[in-house]
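Student: What follows is a single structure, and I will ask about it in a moment.
The values are calculated or read from the model by the stated rules, or taken from the named source; none is laboratory data. Fair warning: this is a prediction, and the values are worked out from it, not measured in the lab. Note that we place each Cβ from the backbone using ideal geometry, even for glycine, and neighbour counts take in every protein chain shown. Note: accessible area is taken over every heavy atom of the protein model, side chains too, but ligands, DNA and RNA are not part of it. Shrake-Rupley method; radii C 1.70, N 1.55, O 1.52, S 1.80 Å.
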Amino acid sequence: LMGYVGFANLPNQVHRKSVRKGFQFTAMVVGESGLGKSTLINTLFNTTLYPPKEPLHPSAERPKTVAIESIGADIEENGVRLHLTVVDTPGFGDFVNNDDSWKPIVENIESRFDSYLEQENRVNRLKIVDNRVHACLYFIQPTGHSLKQLDIEFMRRLHTRVNLIPVIAKADTMTDEEIAIFKQRILSDIEHHQIHIFQAPTYENEDEETIAEAEEIASKIPFAIVGSNNFVATPDGRKVRGRAYPWGIVEVDNEEHCDFVKLRQMLVRTYMEELREYTNDVLYENWRTEKLVSMGV
Ligand code: GDP
Ligand code: MG
């Protein structure tokens with residue numbers, strides 16, 4: 001179904017009670033400028049969260065640090081309400097020296113934990129607002145080489161604080177073969193540096209179909225992504241979201257062309273609740289324990 005985001009499936013993932021209240025979900029995007037972060041978010045949620053960028057006036061002062069910008073949208077699908085927040089991090093990796101690019105991002109994630117902890121400690125805990133980041137899409141430049149120092153440093157610093165989901169940006173600029181080799185390189189770098197990326201959990205006694213789905217999604221990580229909010233006409237007369245080239249059309253929603261569908265399945269359709277749970281039960285809990293220990297409690 002074209003343009004259908006798919007979070008209406010959430011009621012199958014959780015209890016009825018949360019369905020009435022609606023869902024809160026916060027996704028962060030990190031990666032160098034121009035890798036397609038804004039485009040992908042709009043493609044994923046089928047909404048224009050980002051108004052088209054005004055070109056920067058030549059005399060305008062360029063920011064010198066990584067900015068943290070948060071944009072919210074309320075979207076509804078089949079009667080299910082989702083309050084989505086996207087945290088963008090413009091400036092990441094764009095400076096002459098990017099050694100500390102990860103720092104403001106860790107600080108932002110931890111300050112959201114802080115605010116949650118503070119609310120938990122209140123007498124009235126009925127109206128807790130959960131602003132914690134539930135997933136972080138990390139955009140890897142489609143170079144075909146190994147990961148850069150910047151990528152490794154960011155993931156090493158962040159993996160204990162947020163669910164990391166690495167994606168290969170602009171995968172339409174690489175051939176299938178190049179992508180396959182690049183994925184292997186990225187995975188071996190991730191393993192070598194003992195970086196923990198989000199994995200769909202597998203439970204005992206799961207039915208075969210669910211296990212197969214989880215394995216299929218896992219096999220695509222890091223997802224090779226193509227984003228586009230434009231519709232193009234295919235030679236056989238379909239209108240698809242895609243990117244047109246002299247040699248043909250790359251379709252966003254076609255699993256033969258890229259892993260966009262699998263990424264959306266992971267993030268929205270199947271594991272949104274798992275991402276929220278892991279954030280709360282593991283990442284936040286670990287942070288809280290570390291904090292209390294460091295305070296000598
Ligand atoms: P951001 O700076 O990371 O937010 O990147 P944008 O989303 O603003 O995209 C930067 C440019 O790359 C725009 O001209 C987009 O049209 C283009 N772009 C976005 N996604 C893709 C993609 O998957 N493939 C290609 N080839 N170009 C893309
Ligand atoms: Mg952007």
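Student: Need one number: the % of Cα-Cα pairs in the stretch 159-297 sitting beyond the 19 Å mark. Before the final figure, lay out each step's value.
Tutor: Numbers: 5875 of 9591 pairs.
Distances greater than 19 Å cover 61 percent of the Cα pairs.
Student: Using a Gaussian network model on the chain with a 10 Å cutoff between Cα atoms, which of Glu76, Glu251, Glu274 fluctuates the most?
Tutor: Between Glu76, Glu251, Glu274, it is Glu76 that shows the largest mean-square fluctuation.
Student: Plugging the Kirkwood radius over Cα pairs into Stokes-Einstein for the stretch 128-193, at a temperature of 25 °C and a viscosity of 0.890 mPa s, what D comes out in µm²/s? Could you put the intermediate results ahead of the total?
Tutor: Details: Rh = 12.9 Å.
So the translational diffusion coefficient is about 190 µm²/s.
Student: Something else: Counting only the heavy atoms of the protein chains, how much of Glu107 is accessible to a 1.4 Å probe, in Å² to the nearest 10?
Tutor: Taking all protein chains as shown, Glu107 has close to 120 Å².
Student: With Cβ to Cβ distances under 14 Å as the rule, what net charge do the other residues near Glu215 carry (K, R +1; D, E -1)?
Tutor: -4
Student: I'd like to check one number: the per residue accessible area of the stretch 180-243, probe 1.4 Å, reported in Å² as a whole number.
Tutor: Ligands and nucleic acids excluded, the figure is 62 Å² per residue.
Student: Per the Kirkwood treatment, what hydrodynamic radius in Å, one decimal, follows for the stretch 205-275 from the mean inverse distance over all distinct Cα pairs? Intermediate values should be presented prior to the final figure.
Tutor: On the way: mean 1/r = 0.0738 Å⁻¹.
Kirkwood hydrodynamic radius for the stretch 205-275: 13.6 Å.
Student: For the stretch 60-210, give the share of DSSP beta bridges that are antiparallel, in percent and rounded to the nearest 5; count only bridges with both residues there.
Tutor: Roughly 65 percent of the DSSP beta bridges within the stretch 60-210 come out antiparallel.
Student: In addition: Only helices at least 18 Å long along their own axis, judged from Cα atoms, and with Kyte-Doolittle mean hydropathy of -0.5 or greater: name those in the chain from DSSP H.
Tutor: 176-192
Student: Assuming R0 = 35 Å, what is the FRET efficiency of Met295 and Ile211, from their Cβ-Cβ distance, to the nearest 0.05?
Tutor: So, using R0 = 35 Å, E works out to roughly 0.25.
Student: Tally up the carbon and sulfur contribution to the accessible surface of the chain as a whole percent, 1.4 Å probe, everything protein left in place. Could the numbers behind the result be given before it?
Tutor: On the way: 7690 of 15970 Å².
Of the solvent-accessible surface of the chain, carbon and sulfur hold 48 percent.
Student: As an exercise, find the ratio Rg/Rh for the stretch 237-297 from alpha-carbon atoms, using the Kirkwood inverse-distance average for Rh. Working shown, then result.
Tutor: Working: Rg = 20.6 Å, Rh = 15.0 Å.
That ratio equals 1.37.
Student: For a quick check, take a GNM of the chain with Cα springs below 10 Å and name the residue from Lys127, Lys103, Lys183 with the largest mean-square fluctuation.
Tutor: Lys127
Student: If you wrap a convex hull around the alpha carbons of the chain, what volume per residue comes out, as a whole number of Å³?
Tutor: For the chain, the hull spanned by Cα atoms encloses 176 Å³ per residue.
Student: If you don't mind, there's one more thing I want to ask. Starting from the Cα gyration tensor of the stretch 207-246, multiply each eigenvalue by 5, take the square root, and state the resulting semi-axes largest first in whole Å. Could you put the intermediate results ahead of the total?
Tutor: Numbers: eigenvalues 188, 37, 13 Å².
Ellipsoid half-lengths, sorted descending, are 31, 14, 8 Å.
Student: Continuing with the same structure: Over all distinct alpha-carbon pairs, what is the Kirkwood Rh of the stretch 68-219 in angstrom?
Tutor: 18.2 Å
Student: What FRET efficiency, computed as 1/(1 + (r/R0)^6) with R0 = 41 Å and r the Cβ-Cβ distance, is obtained for Asn131 and Glu178, rounded to the nearest 0.05?
Tutor: 0.60
Student: If we sort 26-35, 192-201 on the protection proxy, mean other Cβ atoms within 10 Å, highest first, what's the order?
Tutor: 26-35, 192-201
Student: At 0.36 nm per residue, minus the direct Cα-Cα distance, what do Asn121 and Gln149 gain on full extension? Give it in nm, one decimal, please. Provide the component values of the computation, followed by the final result.
Tutor: Values: separation 28, 0.36 × 28 = 10.08 nm, distance 3.92 nm.
Net length gain for the segment: 6.2 nm.
Student: Related question: Might you tell me the accessible area per residue for the stretch 126-173, computed with a 1.4 Å probe and given in Å²?
Tutor: Per residue, the stretch 126-173 has 37 Å² of solvent-accessible surface.
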